[in-house]
Every structure is written in C-alpha cells, then in structure tokens.
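A short worksheet on the structure shown next.
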C-alpha cells in the first residue's frame, strides 16, 4: 500500500467525473488492501455499477486517470486468479468491467478461458452462482454450463424460482436478494430483452413492498433496479423515499481501522438513481480513508406489523379490510401509518400480498397434524 499514489480531488470543485474518480480511488486504494477478499467484493461492486449504468470513459463520466489506481491490480490478475481460484467470479467481474470502463488491455478473455478450462464453475453449488458465472463468461463468448441443454435447464430453474411469488409475501431477505440478482443476470443488467412471467412481476412487487415497509433502502434499491431492467417502472413512493435516503448519506474521513459501514447501501441507492435517469453519486468525497453512513431510521413499520399479527394468534385474518384498523393502532405513529398507506397504494395487489403476509390459520395447522 505504501507505493499507491492517491489522486487529489478538492471536494468544493468536484464535478461528476471527478467525484466518480475520487470514489474509485478510495475504494481501490484507501479502504482495504487488495489482498483482502472484502476489497475484491467492494471493488467488484462499484466497478459493476459504473459499467452497467454506462458511466465510462467513453461516455465522459470517467476521467482518463480514474482507472489508474487499478493498474497494478489489473497487471497481476493472472497471478491472483491462479492462486485464488475460489474467488474467480470477483476476478472475472473486475477484469471485464475495467476493460469495459476503458482500461487498456485484453486480459479478461484469457482469464475467462482459463477459468473455463479449470471448470471453476463446476465447484458452484447454487444455481444463482452458476448463473453469475455464466453471465460473466458469456461476456467473452464462453458458456460454462457445458451443453445448451444444461444451460437451458438452469434458466428454467431460475424462472421457476422467480415465478413463485408467494415466497415474497413474507420477509426473507436472502430470497429477495437472490430474486434481484437472478434478474440482473438473466436480463444482462437490462441489456437483453427477456420475457418474464406475470408472477415474476408479482414477486418484485411483493418483495419491494416488504423492503419499503422494512425501511430497507439497500434491498429496495436493488428491487427498483431489477424492475427497470425487466421493463417495469417502480412505484413513485419507493423511488421518492430512496432519493431522500440517498441524499441523507454522509461520506466522511475515517482515522481508525476500516470497519463495517453502509458502503453497499450507498452504492446501490446511487445505482437506483442512475438507472432511473437521475443524477447519481452527488456526494463530495473526502481525502484518505472514507466511511459511508446512512441517516438513522426509526423502528420499521414491518416489524411492528409482524408483532401485532403474531400476537393476535387465531384472531388474525387474511382480510386486509378487517386487519387495517388494529395494525394502524399498533403502528401508533402518524408517519408509520402514512408509510403503510403509501405501501398499500403502491402495491399492485396489496390484498393478495397481505393475505400471504398475515399467515392466518397457519399457526394451528402443525398442531392439528401433530394431534392427528
């Protein structure tokens, strides 16, 4: 790290390209060491967001020197991939996006073919990881699935997961993030015209409703991006709230060792803004090590709703018109009631969503089976 030269960008004079260059410099050089797997994760994420939103040297949104902090990393990619093949998806993503953003060179193709020859995708256990590997390698014309039939079978399984909309009627953050990432890969981040079922649209609608009620800007931002990638327009209430939360971030210097912060939420919230055609990455970036902090949020309405429903036991109903009053009483705070009202208005079929969310009658079913 002692040989890394930090670029200087006075905060008061940072334009759009300078702000992006400053962000790349901090992620590449100031937050973590390149031999840290979290460095790989953070940098793969910011490079991917800039690339898939067209914020490149070719579009004038990146300065010529913006990718300079990655020069040594790019030069050593073959060595790093050969020694750390378990992180091949990170290395391929970084190489492919650096070249797409304007880094001179053509290393990505060789890395893709080497990873395919080593059958690194064969070590993946989940369809989601196989889908990411396929998406990355196909950027250089290689399908790691083996045969066209195997690749089609993978796609069919992914669509089956997307279409199971009842999965997204109850809080399940892991499933919701998998939903968004599958849509990123199948749609090529909005570049590929792919037909998705009505049930998939419902899945996005229900998952977004939960994220909005949970005040989860990180997840809601990804859902809004995924919706636009498949040709849907996110509800205005969601994007208005996300814009306010994004403006509330603080980007400030940090003197102590790097710890967990809200960098991912900062990145994906700005990604959602860019995907919606709104100016993104407007925060000035300080010198040195930076930390990203979201503004404090109150207890989410979703938690209070769940507490209310589980406490009602057999008295709870799947009928929203019957449950609205007791739930609003449980929320108490006017802002929370208003937030719930906006969620109900934004959800295309809130009655169906709530029927699944309420889980009325399911608590007694296991007991009845046990007695039988």
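The values are calculated or read from the model by the stated rules, or taken from the named source; none is laboratory data. These numbers come from a predicted model, not from an experiment. As a convention, Cβ positions derive from the backbone with ideal geometry for all residues, glycine included, and neighbour counts pool all protein chains shown.
Note on the range 303-322: residues that are closer than 17 Å to residue 171 by Cβ and assigned to a helix (DSSP H, G or I) total 9. Scanning the range 264-280 for residues that are touching a residue at least 40 places away in the same chain (Cβ under 8 Å) and over 16 Å from the mean Cα position of the chain (by Cα) yields a single hit, 279. Would the range 66-79 turn up any residue that is at pLDDT below 95 and part of a loop (DSSP other than H, G, I, E, B)? Checked against the condition, which is being at pLDDT below 95 and part of a loop (DSSP other than H, G, I, E, B), the range 66-79 yields no hits at all. All conditions but one from (1) in a loop (DSSP other than H, G, I, E, B); (2) in contact with a helix residue (DSSP H, G or I) (Cβ under 9 Å, 6 or more places away or on another chain); (3) surrounded by fewer than 17 Cβ atoms within 10 Å (Cβ to Cβ) apply to residue 283; the one that does not is (3). Consider residue 321 carefully, then state whether it is surrounded by 14 or more Cβ atoms within 10 Å (Cβ to Cβ) and either modelled with pLDDT of 95 or more or over 20 Å from residue 51 (Cα atoms) (or both). No, not satisfied. Any residue that is touching a helix residue (DSSP H, G or I) at 6+ places or on another chain (Cβ under 9 Å), without any contact (Cβ under 8 Å) to a residue 24 or more places away in the chain and surrounded by 21 or more Cβ atoms within 10 Å (Cβ to Cβ) - is there at least one of those in the range 103-117? No: the range 103-117 contains no residue that is touching a helix residue (DSSP H, G or I) at 6+ places or on another chain (Cβ under 9 Å), without any contact (Cβ under 8 Å) to a residue 24 or more places away in the chain and surrounded by 21 or more Cβ atoms within 10 Å (Cβ to Cβ).
Checking each residue in the range 58-93 for being crowded, with 17+ Cβ neighbours inside 10 Å and either under 19 Å from residue 281 (Cβ atoms) or in contact with a strand residue (DSSP E or B) (Cβ under 8 Å, 6 or more places away or on another chain) (or both) picks out 61, 62, 63, 66, 67, 68, 69, 70. Among residues of the range 42-65 being assigned to a helix (DSSP H, G or I) and modelled with pLDDT under 95, the one that is nearest to residue 23 (Cα to Cα) is 65. If only residues of the range 289-306 that are loosely packed, with under 13 Cβ neighbours inside 10 Å and in contact (Cβ under 8 Å) with a residue 12 or more places away in the chain are counted, the one that is nearest to the chain's Cα centre (by Cα) is 297. Exactly one residue out of 99, 51, 63, 152 is farther than 20 Å from residue 32 by Cβ and out of contact with any helix residue (DSSP H, G or I) (no Cβ under 7 Å at 6 or more places or on another chain): that is 152. Inspection of the range 347-362 finds no residue satisfying the criterion of being modelled with pLDDT under 95, in contact with a helix residue (DSSP H, G or I) (Cβ under 9 Å, 6 or more places away or on another chain) and over 18 Å from residue 169 (Cα atoms). Could you tell me whether any residue of the range 20-27 is farther than 19 Å from residue 282 by Cβ, crowded, with 20+ Cβ neighbours inside 10 Å, in contact with a helix residue (DSSP H, G or I) (Cβ under 8 Å, 6 or more places away or on another chain) and at pLDDT 95 or above? Looking through the range 20-27, none of the residues is farther than 19 Å from residue 282 by Cβ, crowded, with 20+ Cβ neighbours inside 10 Å, in contact with a helix residue (DSSP H, G or I) (Cβ under 8 Å, 6 or more places away or on another chain) and at pLDDT 95 or above.
Considering the range 188-207, the residues that are under 15 Å from the mean Cα position of the chain (by Cα) and touching a residue at least 40 places away in the same chain (Cβ under 8 Å) include one that is farthest from residue 282 (Cα to Cα), namely 188. Residue count for the range 324-349 satisfying the condition of being outside any helix (DSSP H, G or I) and surrounded by fewer than 17 Cβ atoms within 10 Å (Cβ to Cβ): 4. Is it the case that some residue within the range 261-275 is in a loop (DSSP other than H, G, I, E, B), surrounded by 14 or more Cβ atoms within 10 Å (Cβ to Cβ) and in contact with a strand residue (DSSP E or B) (Cβ under 7 Å, 6 or more places away or on another chain)? Yes, there is a match, as at least one residue in the range 261-275 is in a loop (DSSP other than H, G, I, E, B), surrounded by 14 or more Cβ atoms within 10 Å (Cβ to Cβ) and in contact with a strand residue (DSSP E or B) (Cβ under 7 Å, 6 or more places away or on another chain).
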